[in-house]
Amino acid sequence: GMAAHLSAGHLYVILEVADILAVESYSQIDPFPPPVLVSSGNCYPDLTAIDPTGQRLLIEVERGTYKNGNEREAKWLQAAEAGGGVIHLVTPNNEVMMAVLDEVKQILARRDRRAAIRACNIREYRKGARGVNGEIWTFETD
């Protein structure tokens, strides 16, 4: 796991998200997915899963730690491309979720790109928060 992810803390959160997805009837959950090829090179989603409707999701897990701005921009542009115009994001709490959402929206706007964003956070999930149709994704944009 450490070879695929940057730190033990990041790996722990990814494995926690994998457990949540399993409880929510997602299948083929892979916390160590192979790289997804995009036009600028490989994109490495943190995990992949098949949702209950049969759609394959590429999911990014963010803990809110400091990262290089140029790398962040490339990451989110690649995530949007690899996800077919949809970014799936999971964070530990609402504060991190809102900060990362703001970052992603700014990057997409600055680069004149569009992507839908579906996000949730572990703290609110544990409190029972649900989005449309009872899904775990409590935040969605078009």
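Here are the numbers for this structure:
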{"quantity": "Separation of alpha-carbon centers, the stretch 66-114 and the stretch 18-44, rounded to whole Å", "calculated": "16"}
{"quantity": "Chymotrypsin sites (Phe, Trp or Tyr not before Pro) within the stretch 21-105, DSSP loop, no more than 13 other Cβ atoms inside 10 Å", "calculated": "TYR66"}
{"quantity": "Proximal charge balance of VAL96 [Cβ under 10 Å; K/R count +1, D/E count -1]", "calculated": "0"}
{"quantity": "Solvent exposure of the chain as accessible area per residue, Å², 1.4 Å probe", "calculated": "54"}
{"quantity": "Rounded to whole Hz, the Karplus (6.51, -1.76, 1.60) HN-Hα couplings of the stretch 23-28, x for glycine and proline", "calculated": "4, 8, 6, 7, 10, 6"}
{"quantity": "Highest-MSF residue in the chain out of ILE14, ILE87, ILE117 [GNM, Cα springs under 10 Å]", "calculated": "ILE117"}
{"quantity": "Of (1) 35, 32, 30; (2) 43, 30, 29; (3) 91, 29, 22, the label for Cα extents along the principal axes in Å derived from the coordinates", "calculated": "(1)"}
{"quantity": "Computed lengthening from VAL36 to ARG130, 0.36 nm per intervening residue step minus Cα-Cα distance", "calculated": "31.0 nm"}
{"quantity": "Vicinal HN-Hα couplings computed from phi for the stretch 49-57 (Karplus, 6.51 cos²θ - 1.76 cosθ + 1.60; Hz; Gly/Pro x)", "calculated": "7, 9, 6, x, 8, x, 7, 7, 10"}
{"quantity": "Over the chain: helical MRE at 222 nm, DSSP H runs n ≥ 4 each giving -39500 (n - 2.57), nearest 500", "calculated": "-11500 deg cm²/dmol"}
{"quantity": "Hits among aspartates and glutamates - C-alpha to C-alpha of LYS67 under 14 Å, sequence gap 8 or more where chains match", "calculated": "GLU103"}
{"quantity": "Net charge of Cβ neighbours under 11 Å - reference ASP51; Lys, Arg +1; Asp, Glu -1", "calculated": "0"}
{"quantity": "Rounded percent of accessible protein surface that carbon and sulfur make up, the chain, 1.4 Å probe", "calculated": "50"}
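The values are calculated or read from the model by the stated rules, or taken from the named source; none is laboratory data. None of these values were measured; they are calculated from a predicted model. All Cβ positions, glycine included, derive from the backbone under ideal geometry; neighbour counts span all protein chains shown. Keep in mind that these areas ignore ligands, DNA and RNA; they rest on the heavy atoms of the full protein, side chains included. Shrake-Rupley method; radii C 1.70, N 1.55, O 1.52, S 1.80 Å.
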